[in-house]
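For reference, the structure discussed in these notes is given below.
Every number in this text was worked out from the coordinates using simple rules, so none of it is lab data. What you see is a predicted model; the values in this text were computed from it and never measured. Cβ placement follows ideal geometry from the backbone for every residue including glycine, while neighbour counts extend to all protein chains displayed.
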Amino acid sequence: MSLKGKTAVVTGSNSGIGLGVARELARAGASVVLNSFTDNDDDHKLAADMAREFGVDVRYIKADMSRGDECRALIETAGACDILVNNAGIQYVAPIDEFPVEKWDAIIAINMSSAFHCTAVALPMMRKAGWGRVVNIASAHGLTASPYKSAYVAAKHGVVGMSKVVALETAKEPITCNAICPGYVKTPLVEAQIPDTASKYDMTEEEVIEKVMLERQPSKQFATVEQIGGTTVFLCSDAAEQITGTTISVDGGWTAL
Ligand code: NAD
């Protein structure tokens, strides 16, 4: 599978799943635009290192995905966007009657509205190029719910719904739009929580993984960022040309329960 000649923009990609997806797209030969809201030397070094490792063009563009104007500017500055991966996301957990309004607004903006803004600017570029792929990184929480995650669950269900609308609006064109719904994925952030949770509940790290984190994941294994990246590359392949407006779960059986 070669994505040579394609440009991929991955929002929120200086760590975690976004970085894993960006690396798999680069491995497949795509030029990549990395993004986050910071503008550190480390961000630009990440891009330079990835370019060297995979022999492709990699740029880092700062843009805050909580702001519609910056989302739109990201795609405009990229200049081309054959593959758009809407990945940026944050989480906050609280009962709905105590949920801070600013956290609700930030989660809806970063996890959902950024996908609207980026897609709106990217689609005309895809149409001009005669090919396009929109891949939205939703969640098992785009299909099911958990208590205390009102904003996250609402945003992820919204992203799944928007993926269907974009698919219908582009159905007759060589453009597809789908949502990947990961269960628990082992990212540096998740890994860092394991020892803290273990000491908080007086559990071993293995117990935290199996009984707390992966309680709802029947495989009792984390998905990996490479697997989410590989699923994204598959959605960009010719084999996936007629896959549009749907969800692909990478959740170890979570949504089969
Ligand atoms: P992460 O915290 O490791 O990465 C999030 C990325 O988004 C980072 O690069 C961060 O810099 C960026 N980001 C945050 N706020 C931003 C902003 N305002 N503007 C631009 N970038 C911003 O988290 P992750 O686990 O890799 O999550 C990535 C996506 O995958 C999210 O949408 C998340 O909801 C989804 N997801 C994660 C899991 C999981 O278990 N880790 C499961 C299902 C879905």
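Please sort by residue number the GluC sites (Glu not before Pro) in region 159-241 whose DSSP state is loop and whose Cβ has at most 15 other Cβ atoms within 10 Å.
Numbers: sites: Glu169, Glu191, Glu205, Glu206, Glu207, Glu210, Glu215, Glu226, Glu241; in loops: Glu215, Glu241.
Of the GluC sites (Glu not before Pro), the ones in loops of region 159-241 whose Cβ has at most 15 other Cβ atoms within 10 Å are Glu215, Glu241.
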Under a GNM of the chain (C-alpha, springs under 10 Å), which listed residue has the highest mean-square fluctuation: Asp43, Asp238, Asp69? Asp238
When the Karplus curve 6.51 cos²θ - 1.76 cosθ + 1.60 is applied with θ = phi - 60°, which whole-Hz ³J(HN,Hα) does each residue of region 218-235 get, with x for Gly and Pro? x, 5, 6, 10, 6, 6, 10, 5, 5, 5, 5, x, x, 5, 5, 4, 4, 5
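Give the relative contact order (percent, whole number) for region 73-129; include only Cα pairs under 8 Å separated by 6+ residues.
Details: 34 pairs, mean separation 31.0, N = 57.
Worked out over region 73-129, it gives 54 percent.
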For region 41-56, in order, what is each residue's ³J(HN,Hα) by Karplus, 6.51 cos²θ - 1.76 cosθ + 1.60 with θ = phi - 60°, in whole Hz (x at glycine and Pro)? 4, 4, 4, 6, 5, 4, 5, 5, 5, 5, 4, 5, 4, 9, x, 10
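Compute, for region 202-257, the length of the dipole vector about the Cα centre, with Cβ point charges of +1 (Lys, Arg) and -1 (Asp, Glu) only. Units Debye, rounded to 20. Let's see the in-between values first.
Details: 3 positive and 10 negative charges, 45 e Å.
The dipole magnitude comes to about 220 debye.
Would you please give the FRET efficiency between Ser237 and Ala120, computed as 1/(1 + (r/R0)^6) with r the Cβ-Cβ distance and R0 = 25 Å, to the nearest 0.05? Can you show the working numbers first?
Numbers: r = 25 Å, r/R0 = 1.01.
In this case the efficiency is close to 0.50.
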For the chain, with a Gaussian network of springs between Cα atoms less than 10 Å apart, report the residue from Ala198, Ala171, Ala78 with the top mean-square fluctuation. Ala198
Run the helix sum for the chain: -39,500 (n - 2.57) per DSSP H stretch of 4+ residues, divided by residue count, reported at 222 nm to the nearest 500 deg cm²/dmol. -13000 deg cm²/dmol
So what J values fall out for region 143-154 if you push phi through Karplus, 6.51 cos²θ - 1.76 cosθ + 1.60 with θ = phi - 60°, rounded to Hz, Gly and Pro as x? 10, 9, 10, 9, x, 6, 10, 4, 5, 5, 5, 4
With the 8 Å Cα cutoff and a minimum separation of six or more residues, the chain has a relative contact order in percent of 19 percent
Evaluate the chain: find the radius of gyration of its Cα atoms, find its Kirkwood radius, and give the ratio Rg to Rh. 0.96
Ser249 long-range amide H proximity, modeled H, under 5 Å: Cys181
